[in-house]
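First comes the structure, then the notes that go with it.
The values are calculated or read from the model by the stated rules, or taken from the named source; none is laboratory data. As the structure is a prediction and not an experimental result, all values here were calculated from the model. Quick reminder, even Gly has a Cβ in these numbers, built from the backbone with ideal geometry, and neighbours come from all protein chains shown.
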Amino acid sequence: MTDMLTRFRTVPKAGTTLDTPLIGWRYEWTDGQRLWNYSDDTARAALCYRRPSGINRPSRNHQAPHHRCVCGFRVVGDLDVLHTYMARRARFTEVVGLDRERPEGATGLVITKVEVTGYVTPAVPNRQVDPPFTVRADHLRLLKVYAPDWMDRDRIARANPEVPIKPLGELPRGFPGLKSGPLPEPELSISQHGDEIRIVLGLGPAIVPTALLQDPDVAWAVHGVANPGRSIDADVNTVIDRIVNVVRPDIAFKADQEAAAFGIAWTLDMMANSAESK
């Protein structure tokens, strides 16, 4: 395992083609039967579906993963790293009131053990997107699935007969947000009333005066946080300082402030895009 982790940590920035497979861990969405990335096979090849326009975006039709994009299957080599990331992710979703990655129809998450082959590149260079020592891969093969007790594991097994389906409790660490039952419906919402925008987060409402968004630096930071294809720590800090601390000064912990910054930025960006499309 130490050799495997060393290989994860030494993937060059521009990517490389593996000479031997990596074994790692990731989570997958499920509707209680099929796994989102494995609807018809246990092996998958990555494709990029992101729009290519914008700062630091590669051209359309690029190979996935691409070091200047956010595409590719994410895998970590250490189960403890995934556990820490999932704990932060669970709190993040609780604060925001929405899991932006959640596909329509998905009811929960499982943990999977996978084999990585082919071309790999490192994590997206900002900690809000990927945990440390992530690799993004172009080819995966599913080895095992670990599902929480509230899911019907026999049903998952029937839909994925070539893969062992194990109880989540067999893993050495618990995974927050996976054990309690089906995911709740999203709470995050947005509406405009005169010169104020009301955003309802998981932690309650945030009333954002439209005057705050007239500053180009703030507008740019909101867009950067909502579209995290680059290192955006400066943008997150701007949204925290200029919006979150103004409209929700009661949110004290840095991690919760970051989550609120994302929730506010996502909804403002969606509202702006919706207005532009009319």
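Do we have any residue at all in the stretch 142-150 that's in contact (Cβ under 8 Å) with a residue 12 or more places away in the chain and farther than 19 Å from P172 by Cα?
yes
Would you check which residues across the stretch 102-120 are of a type in the set (S, T, N, Q) and either at pLDDT below 90 or surrounded by fewer than 21 Cβ atoms within 10 Å (Cβ to Cβ) (or both) and list them?
T107, T117
So, in the stretch 186-217, of the ones that are at pLDDT 90 or above and among the acidic types (D, E), which residue ends up farthest from T238 (Cα to Cα)?
Of everything passing the filter in the stretch 186-217, D195 is farthest from T238 (Cα to Cα).
When the stretch 82-124 is examined, which residues are found to be of a type in the set (F, W, Y), closer than 24 Å to K144 by Cβ and under 13 Å from the mean Cα position of the chain (by Cα)?
Y85
Please enumerate the residues belonging to the stretch 213-244 that are over 25 Å from E101 (Cα atoms) and surrounded by fewer than 16 Cβ atoms within 10 Å (Cβ to Cβ).
Result: Q214, D215, P216, D217, D241.
Check whether at least one residue in the stretch 139-162 is under 20 Å from E94 (Cα atoms), surrounded by 16 or more Cβ atoms within 10 Å (Cβ to Cβ) and not aromatic (F, W, Y), and report yes or no.
yes
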